[in-house]
Amino acid sequence: MLRIELEDGTVLFDSGFVIADIKVDIATINFLANGQDGYPFPALGLGFDALGITYQQALFNYITQGLDGVIGGDRYSQAFADGLIVQTPEPGSLAILGLGGLALFVSRKRRKAA
């Protein structure tokens, strides 16, 4: 984050430094509020108030209720068309593809040598 500026022009944070000594409330997920991924909230003694459900439960509710338990590309056709969602092969598939290419290379090299 580079800068946080309120609508009235008050700068709270700029270039890695807290500028204004103003208390602010922020919304985040419990994972980060608990210090995961290195976020310093617990080390700074900053507590948090849970507002009812975890983000995992909110995601579960959305998938099971909002999407009827189905996550499919047909629901995201515009995002795919705009390039916002890109299908990428999983690492295991890439490894198998790489090994297949290596085997093909070795096979052809052996044929040429024979």
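The values are calculated or read from the model by the stated rules, or taken from the named source; none is laboratory data. Since the structure is predicted, the reported quantities are computational estimates derived from the model, not experimental observations. Using ideal geometry, Cβ is built from the backbone for each residue, glycine included, and neighbour counts are taken over all protein chains shown.
Here residue 78 does not qualify as loosely packed, with under 12 Cβ neighbours inside 10 Å, modelled with pLDDT of 80 or more, under 22 Å from the mean Cα position of the chain (by Cα) and part of a helix (DSSP H, G or I). The lone criterion from (1) closer than 30 Å to residue 16 by Cα; (2) touching a helix residue (DSSP H, G or I) at 6+ places or on another chain (Cβ under 9 Å); (3) not acidic (Asp, Glu) left unmet by residue 33 is number (2).
Within the span defined as region 39-55, one or more residues are surrounded by 12 or more Cβ atoms within 10 Å (Cβ to Cβ) and closer than 20 Å to residue 2 by Cα. Within region 1-55, the set of residues being among the acidic types (Asp, Glu) and in a strand (DSSP E or B) comprises 5, 14. The residue of region 5-42 that is nearest to residue 53 (Cα to Cα), among those that are at pLDDT 85 or above and among the charged types (D, E, K, R), is 37. Take the conditions hydrophobic (A, V, I, L, M, F, W, C) and free of Cβ contacts under 8 Å to residues at least 24 places away in the same chain and apply them to residue 29. Does it pass? When the stated conditions are applied, residue 29 does not pass them.
Given the criterion under 23 Å from residue 29 (Cα atoms) and out of contact with any strand residue (DSSP E or B) (no Cβ under 9 Å at 6 or more places or on another chain), identify the matching residue among 58, 113, 103, 95.
That would be 58, the only listed residue that is under 23 Å from residue 29 (Cα atoms) and out of contact with any strand residue (DSSP E or B) (no Cβ under 9 Å at 6 or more places or on another chain).
A Cβ distance below 6 Å, combined with a sequence gap of six or more or placement on separate chains, defines the contacts here; from region 37-57, residues that are in the same structural domain as residue 24 (by TED's automatic domain parsing) reach residues that are modelled with pLDDT of 80 or more and part of a helix (DSSP H, G or I) in the pairs 39/32; 41/33; 48/33; 54/30. There is no residue in region 95-112 that is surrounded by 10 or more Cβ atoms within 10 Å (Cβ to Cβ), at pLDDT 80 or above and in a loop (DSSP other than H, G, I, E, B).
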